[in-house]
1. Return the only residue of VAL156, VAL114 being of a type in the set (A, V, I, L, M) and farther than 24 Å from GLY43 by Cα.
2. Taking the range 58-117 as the search range and keeping residues that are of a type in the set (Ser, Thr, Tyr), open to solvent by 30 Å² or more (accessible area, probe 1.4 Å) and part of a loop (DSSP other than H, G, I, E, B), which one is modelled with the lowest pLDDT?
3. Among the residues of the range 236-269, write down those that are out of contact with any strand residue (DSSP E or B) (no Cβ under 6 Å at 6 or more places or on another chain), open to solvent by 50 Å² or more (accessible area, probe 1.4 Å) and closer than 19 Å to ASN289 by Cα.
Amino acid sequence: MFNGKHFYNQTLKKTVAVFGTLFNNIKIVRQGTGETRVPIAYGPRKKFLARIQADTAAATDKSIAIKLPRMSFEITDISFDTESKLNKFNKRVLPISGDETKSNIVNQSVPYNVSMQLNIYAKNQDDVLQIFEQILPTFAPEYTVAIKDMEGPGTVTDVPIVLTGTSIQDDYEGDFQTRRSIIYALDFTMKVRFAGGVSQGKIIRTVDTFFYTDIENPSAQVNNSISDTATITIDNVIGSLREGQTMTFEGMPRTSTYIPPTIIAIADTLTNGKPNSITVSSNQTIPDNTKLTFINKTGEENVRIAVDADDEPPLDDTDTITTTFGFDHG
């Protein structure tokens, strides 16, 4: 788990930057003064309220007071997202530019809900309503942003931003010298994924698969009685007969010196698409209509699948994958 290898995906840093960027180009229009861009900054709501309500009477430069309207935002909570959890054993394989033999491997990311609060400060209702109405239509109640490199290098992750609630605060009480502040608070939830470090692994370019083409061993039936001969006429062939298969049959000798014969040749002449005779490795005497069973030789089920040397990962429909079988499908 903790292998001592440092990693830092800057997930929360990117989350904060993306959220603030969404609202950094909101403008209001006042009669006689024209269009004004509303500034935004990250910080606790209480700190901004303290600055707004600070007494600047003794200050020589009145510009140090915060000018309204403006916006601030902050993270209010981070909680595990049980609804979006996926199998922790899943992995993402990412290509490495310029390296065809290795790839980056990232374990399954972990979903969290990051709660953000956006606060809008103004000293009159018209200003705050202009800002408020420019935000609400975008969230219905969700808006999705694509964030790069959140789950590893070269990745693009869609992060839904959900508007979960709003609240209004109007501090109108107090004397005439107290600065009025209207505050609209909008609560959002960002569905963020935290990924671990990146490891490297080799690309699998050759696969050996073992399987049998037939559920049962191939079989056939003796067409005519044979006596002390290696050539057997057959019919009712089921499955694929191939050279090297071992032949067994009912009534076969059971002595310790008897060696079951193997197919050494298959007739070119076909009946209904199947061979009508075979040659085995030793002379046999078999009655007519005897059922013959053929056993696949060891290792014949091996299949090798190789990727063309010119192909580059990740593979797609234009790449060449060659499958080499040690037998036909019958």
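The values are calculated or read from the model by the stated rules, or taken from the named source; none is laboratory data. Just so you know, these numbers come straight off a predicted model, no measurement behind them. Here the Cβ is made from the backbone with ideal geometry for all residues, glycine too, and neighbour counts use every protein chain on show. Ligands, DNA and RNA are excluded from the accessible area calculation, which covers all protein heavy atoms including side chains. Shrake-Rupley method; radii C 1.70, N 1.55, O 1.52, S 1.80 Å.
1. Of the residues listed, the single one that is of a type in the set (A, V, I, L, M) and farther than 24 Å from GLY43 by Cα is VAL156.
2. Ranking the candidates gives THR60 first.
3. If the condition is that a residue be out of contact with any strand residue (DSSP E or B) (no Cβ under 6 Å at 6 or more places or on another chain), open to solvent by 50 Å² or more (accessible area, probe 1.4 Å) and closer than 19 Å to ASN289 by Cα, then GLU250, GLY251, PRO253 are the ones that fit.
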